[in-house]
Amino acid sequence: MKRLFLATLMLYGGWALAQVPADGHPEAEPAAPAPAADAERPAPSSPDSSSATTAEAILSTPVKRKAENFRLSQECIAHQRDPKECRVHWGSVLGQAGEFLAVQTVGNIAKDQGIRYSVTHLESFDDFVDRWFTSVDRYRYLHWSDDAPFLDHYVGHPFMGGITNAIWIQNDPLGQTLELHDKGYWKSRLRAVAFTCFYDVQWKLGPVSEASIGNAGYYTYLEPTLHIYTNDTGLAPIVTTPVGGFLWTLAEDSLDHYVVKRLDQKTQNPFLLFSMSFLNPARGFANVLRFKAPWHRDTRHVAARWHRGKPDVAAEKSATEKKAP
């Protein structure tokens, strides 16, 4: 388990640092054309001056796609776009959820000898289906604990829920650029929790799940450490993933709003930015699933570059010049 964690951490860090070019724009694309008139720009979701400055900075960023996504989200939140344009990007949601599902499945196979045995000793597709359905039937729906360690129930599963919440949020124009205290924030996070409920049930009981791959629930055995009979199933993970994930997302949003937001604008050092991403680990992991640096934010521009230098204030300077009479 420790080796799997270290390998994941190394891949996470390696991908993050690989996204940092010398010019500080990991998503470099042709410059976005300036909006035709200030009146056409969407109003930020928060009326304070800092939010207005942030909106202007993102709309002025040289990363064309980021400016377009921000404008789309803000206009959807303000009901200035056709509802069809504001629908969740299901292709991206399912693609990123599929990546996360693959990571979880491969991790389970790698760390558990019993799962490897079940996978490598299937006789036929009918045998796969029979074992899967039997595992679902034997699942202990009225038993709270699945006899896993405390950290699995109350840290690991909420973290998983935080990741799936972030996958939904970053692909939902109606919630992508909402921050703590913004109107519509709670509805957007509850929509994310609904998606997490679906993902969690699939992960426990669905066609690509612990029941189908590994057959959790199929065997009852004597657990040598706890000295109890168990089949590794219970209601706890099905509950703690969405409920704990919701609390995890609220905690990350609060940390991002009150702490990270004040720090990531003061440095472009990729190692410091990478360290800050551990204050928002679920969001950072979800960013990697969409092939972005862990410190990427849809609500503001976070620049990173290898060489030393002052923070990139080009976007802020451009916004100031446009406001000047």
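Bear in mind that the values in this text are calculations on the coordinates, not laboratory data. Note that the structure is predicted; figures quoted are calculated from it, not measured. Positions of Cβ are generated from backbone atoms using ideal geometry, with glycine treated the same way; all protein chains shown enter the neighbour counts.
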Select the helices (runs of 4 or more DSSP H) contained entirely in the range 77-193, then report the ones holding at least 2 residues which are surrounded by 14 or more Cβ atoms within 10 Å (Cβ to Cβ) and over 14 Å from the mean Cα position of the chain (by Cα). 90-111, 113-120, 125-137
Within the range 256-307, can you find the residues that are touching a His at 6+ places or on another chain (Cβ under 8 Å) and of a type in the set (A, V, I, L, M, F, W, C)? Val302, Ala303
List every residue pair whose Cβ atoms sit under 7 Å apart, with the two residues 6 or more apart in sequence or on different chains, where the first one lies in the range 228-257 and is under 18 Å from Ala216 (Cα atoms) and the second, anywhere, is among the aliphatic types (A, V, I, L, M) and part of a loop (DSSP other than H, G, I, E, B). Asp232/Ala216; Thr233/Ala216
Residues that are of a type in the set (A, V, I, L, M, F, W, C) and either in a helix (DSSP H, G or I) or crowded, with 17+ Cβ neighbours inside 10 Å (or both): does the range 224-234 have at least one? no
